[in-house]
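Derivation of every value follows stated rules applied to the coordinates shown; laboratory data play no part. This one's a predicted model, so the numbers in the text were calculated from it and none came from an experiment. Cβ coordinates were reconstructed from backbone atoms using ideal geometry, including for glycine residues, and neighbour counts include every protein chain displayed.
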């Protein structure tokens with residue numbers, strides 16, 4: 001059954017006119033007809049069952065049939081701090097990280113980042129990533145939206161960091177995720193470098209901020225694979241996989 005996110009709060013059971021974004025997707029793209037049913041959610045954790053009851057040229061009305069609180073969120077608070085990479089790869093990382101249950105994504109600017117964004121471009125890119133996250137929530141059944149932050153320089157981000165469990169992916173590290181002492185309820189952040197990895201200076205900064213170097217086996221993963229592999233492993237070891 002199709003699922004649609006509404007940025008407008010969804011009322012209790014009654015007739016409701018669909019917001020234009022949902023109208024376009026449901027009626028113009030998916031070609032839903034009067035009588036078709038689908039699910040709506042607005043990020044509060046509640047799912048609403050809806051049925052199309054009227055379609056006009058530029059609008060549609062639904063009957064809200066029922067609502068229920070449905071929790072499909074990971075029990076873990078995982079943050080992925082991903083160094084900026086080429087746009088299509090970054091889009092893919094965000095989509096898959098949301099499907100895996102990440103709570104926050106922090107795009108970071110590093111010395112070797114091949115993508116440089118002006119302030120305006122960074123804001124535009126963040127809005128695009130938020131839309132990708134919404135689509136991933138629609139697909140994966142999540143009813144809460146993760147936080148997609150505006151890109152920040154690594155050093156600036158480190159000064160604001162509060163997560164107690166800080167892990168830096170590094171192919172030469174000797175520790176693996178299974179050796180990490182995780183306490184239930186701890187928030188965890190994974191820092192992932194760009195193509196070419198973090199510079200030596202950046203590694204030292206991360207170490208000074210109590211990041212633990214971590215390897216994901218003897219094989220070297222691409223930057224767009226490493227963070228996702230770490231999230232999946234964390235869910236398997238400590239979460240709901």
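Comparing 225, 49, 156 in a Gaussian network model of the chain, where Cα atoms under 10 Å apart are tied by springs, the biggest mean-square fluctuation is seen for 156. Inter-label distance, residue 116 to residue 58: 4.4 nm, where each label sits 7 Å from its Cα along the C-beta direction. Highest mean packing first, where packing is the average number of other Cβ atoms within 10 Å per residue, the peptides 94-105, 127-138, 32-43 line up as 94-105, 127-138, 32-43. Fewest-first ordering of 6, 178 by other beta carbons within 10 Å of each residue's beta carbon gives 178, 6. FRET efficiency for the pair residue 46 and residue 162, taken as 1/(1 + (r/R0)^6) with r the Cβ-Cβ distance and R0 = 41 Å, rounds to 0.90.
Once the Cα atoms of helix 119-140 and of the chain are each reduced to a long axis, what angle between those two axes, in degrees from 0 to 90 to the nearest 10, is obtained? Tilt relative to the chain: about 60 degrees. Largest mean-square fluctuation among 176, 118, 162, in a Gaussian network model of the chain whose springs join Cα atoms under 10 Å apart, belongs to 118. Sorted ascending by nearby beta carbons within 10 Å, beginning with the fewest, 165, 205 become 205, 165. For residue 13 and residue 155, the difference between the fully extended length at 0.36 nm per residue and the C-alpha to C-alpha distance is 46.3 nm. Using a/c under 1.5 as the rounded threshold, could you call the range 98-235 rounded, prolate or oblate? The axes a ≥ b ≥ c are square roots of the C-alpha gyration tensor eigenvalues, and prolate needs a/b larger than b/c, oblate otherwise. Note, shape of the range 98-235 comes out oblate.
Relative to the longest principal axis of the Cα atoms of the chain, helix 223-238 runs at roughly 80 degrees.
Extending each Cα 7 Å along its Cβ direction at residue 139 and residue 86, get the distance between those two points in nm, one decimal. Simple spin-label model gives 2.0 nm for this pair. Each 5 Å bin from 0 upward holds the following percent of the Cα-Cα pairs of the chain: 1, 6, 13, 16, 16, 14, 10, 8, 7, 5, 3, 1, 0.
Between residue 173 and residue 209, the modelled labels are 1.5 nm apart [label points 7 Å from Cα along Cα→Cβ]. From the Kirkwood radius over Cα pairs of the range 3-69, Stokes-Einstein at 25 °C and 0.890 mPa s returns a whole-number translational diffusion coefficient of 211 µm²/s. The stretch between residue 241 and residue 28, if pulled fully straight at 0.36 nm per residue, gains 73.0 nm over its current Cα-Cα span.
Roughly how tilted is helix 87-100, in degrees to the nearest 10 and between 0 and 90, from the longest Cα axis of the chain? Helix 87-100 sits at roughly 80 degrees to that axis.
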